[in-house]
Amino acid sequence: MAKKQGLSASLEDYLKEIYIQESVRKSVRVTDIAMSLGISKAGVNKAIHGLKELGYINHEHYGTIGLTQEGKDIAGGIWEAYQTAYAFLVDILKVNKEDAREQAHQMEHILSNDSCQKLKRFIGEI
């Protein structure tokens, strides 16, 4: 899992969404992200510009969006943290799924790589 230093929770959300969409479809567009996240295309464009400047995505104006290798590594780590937190909340703590989705989303932004790996081991040992 890659380090996610310097990224706001909001930019992490965009990276994770691009990561998820890339795994389902060949091409990801601003419209796809806006619809999925319920955000305006202008808001998505602003975030995409920031992610491109950081070197996490490739994007040509009005074109498709793709994660760079570094972007994939970071987004994969964010997704892993979410899934780990969600599994812990639902499977171990028996939190209802709706609450677990929201809480895991919050946790994905604060879990360090080390904590995430330890939590995964803990879940596996139970």
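Which one is farthest from residue 54 (Cα to Cα), of the residues in the stretch 73-126 that are of a type in the set (Ser, Thr, Tyr) and in contact (Cβ under 8 Å) with a residue 12 or more places away in the chain? Spell out how you get there, then give the answer.
First, the residues of the stretch 73-126 that are of a type in the set (Ser, Thr, Tyr): 82, 84, 86, 112, 115.
If we keep only those that are in contact (Cβ under 8 Å) with a residue 12 or more places away in the chain as well, we get 82, 84, 86.
Details: 82: 22, 84: 26, 86: 28 Å.
Filtering the stretch 73-126 for residues that are of a type in the set (Ser, Thr, Tyr) and in contact (Cβ under 8 Å) with a residue 12 or more places away in the chain, the one farthest from residue 54 (Cα to Cα) comes out as 86.
Quick one: which residue in 33, 78 is in the same structural domain as residue 117 (by TED's automatic domain parsing), among the aliphatic types (A, V, I, L, M) and either modelled with pLDDT of 95 or more or part of a helix (DSSP H, G or I) (or both)? Reasoning before the result, please.
Details: 33 fails: in the same structural domain as residue 117 (by TED's automatic domain parsing).
Among 33, 78, only 78 is in the same structural domain as residue 117 (by TED's automatic domain parsing), among the aliphatic types (A, V, I, L, M) and either modelled with pLDDT of 95 or more or part of a helix (DSSP H, G or I) (or both).
For residues that are in a helix (DSSP H, G or I) and surrounded by fewer than 17 Cβ atoms within 10 Å (Cβ to Cβ), scanning just the stretch 106-119, find the one that is modelled with the lowest pLDDT.
Residues of the stretch 106-119 that are in a helix (DSSP H, G or I), as a first pass: 106-108, 113-119.
Checking the rest, the ones that are also surrounded by fewer than 17 Cβ atoms within 10 Å (Cβ to Cβ) come to 106, 113-115, 117-118.
Values: 106: 96, 113: 91, 114: 94, 115: 95, 117: 95, 118: 96.
Among those residues, the one meeting the criterion is 113.
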Fill in: Meets criteria (surrounded by 15 or more Cβ atoms within 10 Å (Cβ to Cβ), not aromatic (Phe, Trp, Tyr) and not in a loop (DSSP other than H, G, I, E, B)) for residue 39
no
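Applying the selection to the stretch 76-104, what residues are under 30 Å from residue 59 (Cβ atoms) and buried (at least 17 other Cβ atoms within 10 Å of the Cβ)?
Taking the stretch 76-104 as the starting set, the residues that turn out to be under 30 Å from residue 59 (Cβ atoms) are 76-86, 101-102, 104.
Scanning the stretch 76-104 gives 76, 77, 78, 79, 80, 81, 82, 84, 85, 86, 104.
Restricting the search to the stretch 5-19, which residues are part of a helix (DSSP H, G or I), surrounded by 16 or more Cβ atoms within 10 Å (Cβ to Cβ) and either small (Gly, Ala, Ser) or in contact (Cβ under 8 Å) with a residue 24 or more places away in the chain (or both)? Walk me through how you get there before you give the answer.
Here is the first cut: in the stretch 5-19, the residues part of a helix (DSSP H, G or I) are 9-19.
Imposing the further condition that a residue be surrounded by 16 or more Cβ atoms within 10 Å (Cβ to Cβ) reduces the set to 11-19.
Once the filter is applied, which keeps residues that are part of a helix (DSSP H, G or I), surrounded by 16 or more Cβ atoms within 10 Å (Cβ to Cβ) and either small (Gly, Ala, Ser) or in contact (Cβ under 8 Å) with a residue 24 or more places away in the chain (or both), the stretch 5-19 yields 11, 12, 13, 14, 15, 16, 18, 19.
Name the residue, out of 53, 70, 12, that is touching a helix residue (DSSP H, G or I) at 6+ places or on another chain (Cβ under 7 Å) and of a type outside the set (Phe, Trp, Tyr). So that I can check it myself, show each step before the final result.
On the way: 53 fails: touching a helix residue (DSSP H, G or I) at 6+ places or on another chain (Cβ under 7 Å); 70 fails: touching a helix residue (DSSP H, G or I) at 6+ places or on another chain (Cβ under 7 Å).
After ruling out the rest, the residue left standing is 12.
When the residues of the stretch 42-75 are filtered to those that are part of a helix (DSSP H, G or I) and aliphatic (A, V, I, L, M), which remaining residue is surrounded by the fewest Cβ atoms within 10 Å (Cβ to Cβ)? Before you say what the answer is, go through the steps one by one.
So the first thing to find is which residues in the stretch 42-75 are part of a helix (DSSP H, G or I), and the list is 42-53, 69-75.
Adding the requirement that they be aliphatic (A, V, I, L, M) leaves 42, 44, 47-48, 51, 74-75.
Numbers: 42: 9, 44: 22, 47: 22, 48: 20, 51: 24, 74: 26, 75: 26.
Residue satisfying both the conditions and the ranking: 42.
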Worksheet item: What is the number of the single condition among (1) in contact with a strand residue (DSSP E or B) (Cβ under 8 Å, 6 or more places away or on another chain); (2) in a helix (DSSP H, G or I) that residue 89 does not meet?
Response: (1)
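The values are calculated or read from the model by the stated rules, or taken from the named source; none is laboratory data. Worth saying up front: this structure is predicted, and the values here are computed from it rather than measured. So basically every Cβ, Gly included, is an ideal-geometry build from the backbone, and we count neighbours across all protein chains shown.
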